[in-house]
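Working notes, beginning with the structure itself.
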Amino acid sequence: MLLRQLEYLTTLAREKHFARAAEACYISQPAMSAAIRKLEAELHVQIIQRGNRFIGFTPEGERILKWAYRILAERDALIEDVGAMREGLSGRLRIGCIPTALCVVPILTSLLCQDQPRVRVQVSSMTSIEIQRGLSQYGLDVGVTYIDNEPLTGVRTVPLYSERYLLLAAEDDLDDGESATWAEAAEHPLCLLSEDMQNRRILNSVFEQAQAKPQPAVETNSISALYAHVREGPWATVLPHSWLLRFGVPEGMRAVPLAEPQISKTIGLVLHDRDPEPILARAFVDTARRMDLDELLDATTPG
């Protein structure tokens with residue numbers, strides 16, 4: 001068995017097309033097919049469902065694919081570990097982050113890159129479900145997501161900060177109080193993240209707990225689009241307090257804490273549960289543990 005054969009399988013899983021997978025691996029399609037058939041003969045199982053086009057993997061193929069992701073990830077981790085012993089940390093750290101935490105990640109990545117200038121960082125905006133999938137398929141090194149809400153499997157977690165929620169609305173549309181209730185927030189014309197985002201599912205559950213039924217006027221999966229709508233249009237929004245660190249409060253608007261009920265959720269790092277931990281992921285965790293993000297975010301938050 002060659003590592004190259006396993007790379008062919010993972011590429012085929014990603015491309016879902018024989019010709020595109022072969023092109024991505026810089027070989028001909030017949031050569032790729034022959035390599036996969038040779039692997040099937042060696043393992044005595046059929047890996048690919050046969051057809052005129054790519055249909056999918058057999059159950060045995062799905063199991064082999066999981067091992068392929070793992071073996072290739074361990075190969076990469078070995079190279080990084082030995083390289084770090086020789087020359088210091090280098091390579092690419094792949095981070096998947098939920099949109100609501102994207103404004104906090106640069107605090108950590110900038111500190112990491114100051115300490116380790118040869119490290120490159122790739123940050124992707126993802127849903128929590130995509131982060132879980134990326135970790136299980138070894139396409140991510142670290143995720144940044146909620147760690148105390150929807151269940152996570154096969155991962156280790158490191159808490160970063162507690163996410164609290166504010167109502168952002170025009171000053172004229174808010175009472176003079178220091179806070180607002182969730183029921184009051186539901187009466188505003190709201191712009192919210194879309195239903196595929198865990199943040200929205202959290203908000204939905206709190207509104208339900210408060211026996212409130214908001215009718216969002218605008219929904220988006222983009223933080224920047226949400227903020228732009230609130231800034232330019234007649235809408236309000238419920239936002240995590242961490243947003244104020246980067247976006248601030250638009251002119252003519254005010255942000256007040258939400259109460260009744262008062263709720264917070266923990267944002268944290270998630271890593272694939274494996275030993276030893278990949279060296280870049282471990283360095284990122286060590287960097288995060290040096291920061292008190294709660295103190296930093298509370299300093300910019302009203303209430």
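The values are calculated or read from the model by the stated rules, or taken from the named source; none is laboratory data. Worth saying up front: this structure is predicted, and the values here are computed from it rather than measured. Don't worry about glycine lacking a Cβ; one is built from the backbone with ideal geometry, like all the others, and counts go over all protein chains shown. Surface areas here come from the heavy atoms of the whole protein model, side chains and all, with no ligands, DNA or RNA. Shrake-Rupley method; radii C 1.70, N 1.55, O 1.52, S 1.80 Å.
Is at least one residue of segment 204-222 within 16 Å of the chain's Cα centre (by Cα) and either closer than 24 Å to Q262 by Cβ or modelled with pLDDT of 90 or more (or both)?
no
From G91, G83, grab the single residue that is on the phi > 0 side of the Ramachandran plot and surrounded by 13 or more Cβ atoms within 10 Å (Cβ to Cβ).
Answer to the check: G91.
Residues are listed down the side, and each one gets a yes or a no for (1) of a type outside the set (D, E, K, R); (2) modelled with pLDDT of 95 or more; (3) under 14 Å from the mean Cα position of the chain (by Cα):
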{"residue": "T100", "(1), (2), (3)": "yes, no, yes"}
{"residue": "V105", "(1), (2), (3)": "yes, yes, yes"}
{"residue": "S128", "(1), (2), (3)": "yes, no, yes"}
{"residue": "Y138", "(1), (2), (3)": "yes, no, yes"}
{"residue": "N149", "(1), (2), (3)": "yes, no, no"}
{"residue": "Y161", "(1), (2), (3)": "yes, yes, no"}
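For a quick check of your reading of the model, give me the residue pairs whose first member lies in segment 50-70 and is over 16 Å from E15 (Cα atoms), whose second is basic (K, R) and outside any loop (DSSP other than H, G, I, E, B), with beta-carbon atoms closer than 9 Å and at least 6 apart or on different chains.
Within 9 Å, no pair qualifies.
Return only the number of the condition from (1) part of a loop (DSSP other than H, G, I, E, B); (2) open to solvent by less than 60 Å² (accessible area, probe 1.4 Å); (3) farther than 30 Å from H241 by Cβ that C103 does not satisfy.
C103 satisfies every listed condition except (3).
Any idea which residue in segment 108-123 is least open to solvent (accessible area, probe 1.4 Å), counting only those that are touching a residue at least 60 places away in the same chain (Cβ under 8 Å) and in contact with a Leu (Cβ under 7 Å, 6 or more places away or on another chain)?
Residue satisfying both the conditions and the ranking: V119.
Would you please list the contacts, defined by Cβ atoms under 6 Å and residues six or more apart or on different chains, that run from a residue in segment 236-264 that is closer than 22 Å to M197 by Cβ and open to solvent by 40 Å² or more (accessible area, probe 1.4 Å) to a residue that is assigned to a helix (DSSP H, G or I) and not aliphatic (A, V, I, L, M)?
Sorted first by the residue in segment 236-264, then by its partner, the pairs are F247/Y227.
Can you confirm whether segment 166-187 contains a residue that is surrounded by fewer than 23 Cβ atoms within 10 Å (Cβ to Cβ), in contact with a Phe, Trp or Tyr (Cβ under 8 Å, 6 or more places away or on another chain) and not aromatic (F, W, Y)?
Yes, the conditions are met somewhere in segment 166-187.
Identify the single condition in (1) assigned to a loop (DSSP other than H, G, I, E, B); (2) surrounded by fewer than 14 Cβ atoms within 10 Å (Cβ to Cβ) that V45 does not satisfy, given that it satisfies every other one.
Unmet for V45, out of (1) assigned to a loop (DSSP other than H, G, I, E, B); (2) surrounded by fewer than 14 Cβ atoms within 10 Å (Cβ to Cβ): (2).
Could you list all residues from segment 174-197 that are of a type in the set (S, T, Y) and over 22 Å from P99 (Cα atoms)?
S179, T181
Within segment 217-234, work out how many residues are open to solvent by 90 Å² or more (accessible area, probe 1.4 Å) and not in a loop (DSSP other than H, G, I, E, B).
Going through segment 217-234 one residue at a time, the tally reaches 3.
Go through the residues of segment 274-292 one by one and say whether even a single one is modelled with pLDDT under 95, open to solvent by less than 60 Å² (accessible area, probe 1.4 Å), among the basic types (K, R) and within 30 Å of R133 (Cα to Cα).
yes
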